[in-house]
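Chemist: Before anything else, here's the structure in question.
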Amino acid sequence: MRRLTLYSRQYCHLCHDMLAALEALRGELAFELTVLDVDADPALLALYDERVPVLVAADGELCHYFLDEVALRAWLAGVK
């Protein structure tokens with residue numbers, strides 16, 4: 001199963017929106033999702049702070065702020 005990481009924070013409405021969009025796709029697409037709070041780790045905060053939410057795959061960033069469903073589907077299909 002393909003793994004994704006969502007860098008997020010608790011009080012971010014865009015983060016909640018991206019997580020909801022990803023959860024809605026889980027029934028159709030096979031992927032594991034780990035959600036990490038950037039505010040809980042100074043290194044993550046330094047990397048992502050104002051860019052959250054950021055969706056990252058093993059080979060790099062897929063999107064930030066809003067879910068790029070086309071990029072996600074392409075990555076899951078091995079096209080990216």
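Chemist: Can you go through 58, 21, 30, 71 and tell me which one is among the hydrophobic types (A, V, I, L, M, F, W, C), in contact (Cβ under 8 Å) with a residue 24 or more places away in the chain and touching a Leu at 6+ places or on another chain (Cβ under 6 Å)?
Modeler: The conditions single out 21.
Chemist: Please work out if residue 46 is in a helix (DSSP H, G or I), free of Cβ contacts under 8 Å to residues at least 60 places away in the same chain and touching a strand residue (DSSP E or B) at 6+ places or on another chain (Cβ under 6 Å).
Modeler: Judged against the criteria, residue 46 is not a match.
Every residue, every condition in (1) in contact with a Gly (Cβ under 6 Å, 6 or more places away or on another chain); (2) of a type outside the set (D, E, K, R); (3) part of a loop (DSSP other than H, G, I, E, B), yes or no:
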{"residue": "7", "(1), (2), (3)": "no, yes, no"}
{"residue": "14", "(1), (2), (3)": "no, yes, no"}
{"residue": "19", "(1), (2), (3)": "no, yes, no"}
{"residue": "36", "(1), (2), (3)": "no, yes, no"}
{"residue": "50", "(1), (2), (3)": "no, no, no"}
{"residue": "61", "(1), (2), (3)": "no, no, no"}
{"residue": "72", "(1), (2), (3)": "no, yes, no"}
{"residue": "78", "(1), (2), (3)": "no, yes, yes"}
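Conditions (1) surrounded by fewer than 13 Cβ atoms within 10 Å (Cβ to Cβ); (2) among the charged types (D, E, K, R); (3) modelled with pLDDT of 95 or more, marked per residue:
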{"site": "6", "(1), (2), (3)": "no, no, yes"}
{"site": "12", "(1), (2), (3)": "no, no, yes"}
{"site": "27", "(1), (2), (3)": "yes, no, no"}
{"site": "50", "(1), (2), (3)": "yes, yes, no"}
{"site": "69", "(1), (2), (3)": "no, yes, yes"}
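Chemist: Give region 38-48 a look and list any residue that's out of contact with any Lys or Arg (no Cβ under 6 Å at 6 or more places or on another chain) and surrounded by 15 or more Cβ atoms within 10 Å (Cβ to Cβ), or say none.
Modeler: Once the filter is applied, which keeps residues that are out of contact with any Lys or Arg (no Cβ under 6 Å at 6 or more places or on another chain) and surrounded by 15 or more Cβ atoms within 10 Å (Cβ to Cβ), region 38-48 yields 44, 45, 48.
The values are calculated or read from the model by the stated rules, or taken from the named source; none is laboratory data. Values in this document were obtained by computation on a predicted structure and should not be read as measured data. For neighbour counting, all protein chains shown are included, and Cβ atoms are generated from backbone atoms with ideal geometry for every residue, glycine included.
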